[in-house]
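Each remark here refers to the structure printed beneath this line.
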Amino acid sequence: MISESIGLSNRENMLKWAQMKRFLLTVIMLSLGTALLAKVTIVSPRDRTQIFYETISLNILAEPASRIFINDQPLQVAENGQIQVELELRLGKNYVQVRDDDTTAAIRLIRVQTFPDIEGTKESWRNQIIYLATLGLIEGLPDGNFYPDRPISREEWATWQAKAWQLEVKVPTQAVATDVAVDYWRAPYIKAALEANLLTLKADGSFGLDEPVGGDLTRRGAVAILARQKMVQSQLRDLFNFKKGYNKGTFCRWTIKP
């Protein structure tokens, strides 16, 4: 389930090389008549693959000059029977179905969130961060990094807890605190955390958005706390459950490669 930590560029090169070898091998087998292939075959990527980036090539072999459907969208097959399109993956589960009139092939992919500043580490907390971020329970900073050792702020901790505990989140009708405007994107989560008594307002009526939670709690330390909770562990098990959640609702978009 959990991939070994390697650099993003290395993963891309390794995956592209693996895809190319598998594609060429299948083409050779087909041309020699030694492969018993269905009319539609997904060459790469493999089923149940973890993907660390937004787009990936889908390689298909099909009956030459026929018409197939990729996620219910029609595509005319070239005379050589080879097809390559670009998949646009959302975070989490992505389903790809390829069919013609007689045959259906499908793969299940999980796109995982990653952050440049934790790519090189092999620490166990790296996987906690990327998987909780994939679930949308936590987020990085605007520059794309995560900053695992930075003290977590009160606004971040309120937001993460509200999401992890699946608190009832409502859009506030007035300011949540003197420093939390009604239209601030974190305001609904801060309001939910306050109502659940997970955090409290300061004596002056402010929340202290940027102030650290205290107790030397870092961002990765906060993730570790959340990752141990049963509700979060249940969501993680569901993320990697390939027996459900793959249907037309999780079809990913695709475009023809130029």
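None of the figures in this text is laboratory data; all of them are computed from the coordinates on show. All values derive from a computational prediction rather than experimental measurement. In this analysis, Cβ positions are derived from the backbone assuming ideal geometry, glycine residues included, and neighbour counts consider all displayed protein chains.
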Self-check item: region 121-239 - Rg and Dmax from Cα coordinates, angstrom
Solution: 14.3, 45
Quiz prompt | For Glu211, net neighbour charge (Lys/Arg +1, Asp/Glu -1) across residues whose Cβ lies under 12 Å away | solution = -2
Quiz prompt | Residue-count net charge about Arg186 - beta-carbon cut-off 12 Å; Lys, Arg +1, Asp, Glu -1 | solution = -3
Quiz prompt | Pairs from Lys163/Lys257; Lys93/Lys191; Lys93/Lys202; Lys93/Lys257; Lys230/Lys257 whose Cα-Cα separation, in the structure shown, is over 32 Å | solution = Lys163/Lys257; Lys93/Lys202; Lys230/Lys257
Quiz item: Does a label point 7 Å from the Cα of Thr49, set along Cα-to-beta-carbon, have any residues of region 66-95 with amide nitrogen under 18 Å, and which are they?
Solution: 70-71, 82-95
Quiz prompt | Net charge, Pro172 excluded, C-beta distance under 15 Å - Lys, Arg +1, Asp, Glu -1 | solution = -2
